[in-house]
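Take a look at the structure set out below.
The values are calculated or read from the model by the stated rules, or taken from the named source; none is laboratory data. These numbers were taken from a predicted model, which means no experiment stands behind them. Note that we place each Cβ from the backbone using ideal geometry, even for glycine, and neighbour counts take in every protein chain shown. In case anyone asks, the SASA skips ligands and DNA or RNA and just uses the protein heavy atoms, side chains included. Shrake-Rupley method; radii C 1.70, N 1.55, O 1.52, S 1.80 Å.
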Amino acid sequence: MDVDCIPYQKTGYFSKLICDYISEEPKLSKFYGHFPRIENFESQIKTKEQSFSVTTRKILVQALKAQYQGISTSPNTQANIEALGLENTFTVVTGHQLNLFTGPLYFLYKIISTINLTEELQQKYPDKNFVPVYWMATEDHDFEEINYFNFKGKKIQWNKKAAGPVGRLDTTGLDEVFKVIEAQMGTTQRAEELKKLFKEGYLQHATLTEATRYIVNQLFRSYGLVIVDGDDADLKRLLIPYMKADILDQQPYALVSKTINALSNASEDYKIQVNPREINYFYIKDNLRERIVQRGADFFVNDTEIAFSREALLNEMDAHPERFSPNVIARPLYQEVILPNLCYIGGGGELAYWLQLKQYFDALEVPFPILLPRNSALLITQKAVQKIHKMELSVEDLFLKQSRLINKKIRKISNIDIDFTPQKKALEAQFKALYELAKQTDESFIGAVKAQEVKQKKGLDNLEKRLLKAQKLKLKDHVIRLTELQNQLFPNYSLQERQLNFSEMYLEYGDDLIAILKEKLRPLQLEFLVLRD
């Protein structure tokens, strides 16, 4: 595959905040620690080495062994779990929801970016060990966000009444989804491989957590990926001091709110991703995940009859830390407390909320990780590449808004020149002379001259648009082929990676898909990649 690189800023699909971060805008420097360059990891390693205890490592390894009990894993993954007990081992982490059949295509990009970065770090720092980690968001409760995936323009959905942490949901009802997949995916060898993966993952495992772990493990088993489930009593016990600082003292609320104000003052174009609450924890049990709120001196679980005095809440945290679930503000802290982590790899929205957290981490003396945007890519199949060449399009053309792309193409292939730029310049030259004449005679006429100029320019614009419209009708077949191609590559006017599921590309490339991505994705490159078959 050939690779083209496009600056994120030129794609039109990324926020100003992320583009400024990638460009190292000075006004953002106080919101993160080290910028993601390979040489900056040396300092990050030293910081984590000094702060991460041997005791925490032992608890982490024991918890992971328990989570992997009875699961067939590769020797690489087993070795990496053991290595986490060593003081010279560090992690690179990405996280994602438990989307049905992995959800959007970029899930693969996240995992592969994480694996590739650990390999780059291993080459740069051979006396250390680096472990790629996928953090499963098992405690999320937004079932509607994860209960479907897109396949060839259709939504394949798991219909189920759900409540509480999604990872604990049983997999009943997914046999009906499998029937839809059987009907939709065809009967090729690659289709049968996908169906087998889905069937073994979802129909032979009891919970969504178990099913997701199985599927991700099958896809990436040869690369030593370690999958972490944060819904774990032993790991949560490490978080108890920080739970208390949040729930009882409400430290994060003030600190994160202050950072949000500073971000907003840095640029009005920076959209705030999440807002902190006074308490950033949920109370969870099976079929229950509700916010903890304080009223007076007591604490309540929202929309339930569960209540605690301060003393009772402290006892509950000590006895059952697994019942306290961090929200989007507190979860990053949980991750950094229990893992010897150097870097978090995420999408633009994720990194936007991480940038709100540094002051909070500093106050709690928890090292803030390096933040790295995951690789983003557009995969173009051989058939699509042939169409692009036939239409004489450039890679940059593909990222234009559809109306601009069509206008540009119509102007290029039209047998008449529908570009009134020379006429407009000539008109401006004429009116420049008229302005001078008005000044020399009676300046009160300047307004009339201006009005006439605006009117005539508007007339030219309208005429240009009408001619373009007429040519579009005349060249209708070209327009149809062009729009079909762009809609194929940018479904729903969005990036391919946000809409397609990996299964569509697997049908095209089979097992080679992950190998191709593994070879071509370079996490520290910080550019949008276009992969052409």
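The table for this structure:
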item: Qualifying residues in segment 502-517 (those that are surrounded by fewer than 17 Cβ atoms within 10 Å (Cβ to Cβ) and charged (D, E, K, R)) - the one farthest from VAL385 (Cα to Cα); result: ASP511
item: Conditions (1) open to solvent by 60 Å² or more (accessible area, probe 1.4 Å); (2) more than 18 Å from ARG331 (Cα to Cα): number failed by GLN251; result: (2)
item: Candidate set from segment 66-99 (those that are hydrophobic (A, V, I, L, M, F, W, C) and closer than 27 Å to LEU371 by Cβ); member that is farthest from the chain's Cα centre (by Cα); result: LEU86
item: Residue match in segment 233-241 (condition: modelled with pLDDT of 95 or more, open to solvent by 60 Å² or more (accessible area, probe 1.4 Å) and closer than 16 Å to PHE361 by Cβ); result: yes
item: Residue, most open to solvent (accessible area, probe 1.4 Å), within segment 54-68, restricted to residues that are more than 21 Å from ARG213 (Cα to Cα) and free of Cβ contacts under 8 Å to residues at least 40 places away in the same chain; result: LYS58
item: Tally of residues being farther than 18 Å from ILE115 by Cβ and part of a loop (DSSP other than H, G, I, E, B) across segment 340-371; result: 8
item: Search result, residues across segment 190-217 that are farther than 26 Å from VAL228 by Cβ, touching a residue at least 12 places away in the same chain (Cβ under 8 Å) and open to solvent by 30 Å² or more (accessible area, probe 1.4 Å); result: ARG190, GLU193
item: Residue count, segment 87-124 (criterion: open to solvent by 10 Å² or more (accessible area, probe 1.4 Å) and either part of a loop (DSSP other than H, G, I, E, B) or without any contact (Cβ under 8 Å) to a residue 24 or more places away in the chain (or both)); result: 7
item: Complete set of residues in segment 356-392 that are more than 17 Å from the chain's Cα centre (by Cα) and among the hydroxyl-bearing types (Ser, Thr, Tyr); result: TYR360, THR381
item: Residue list for segment 310-339, filter: over 21 Å from LEU357 (Cβ atoms) and either touching a residue at least 40 places away in the same chain (Cβ under 8 Å) or not in a helix (DSSP H, G or I) (or both); result: ARG310, LEU313, LEU314, MET317, ASP318, HIS320, PRO321, GLU322, ARG323
item: Selection count, segment 410-430, where residues are open to solvent by less than 40 Å² (accessible area, probe 1.4 Å) and either modelled with pLDDT of 80 or more or more than 22 Å from THR483 (Cβ to Cβ) (or both); result: 2
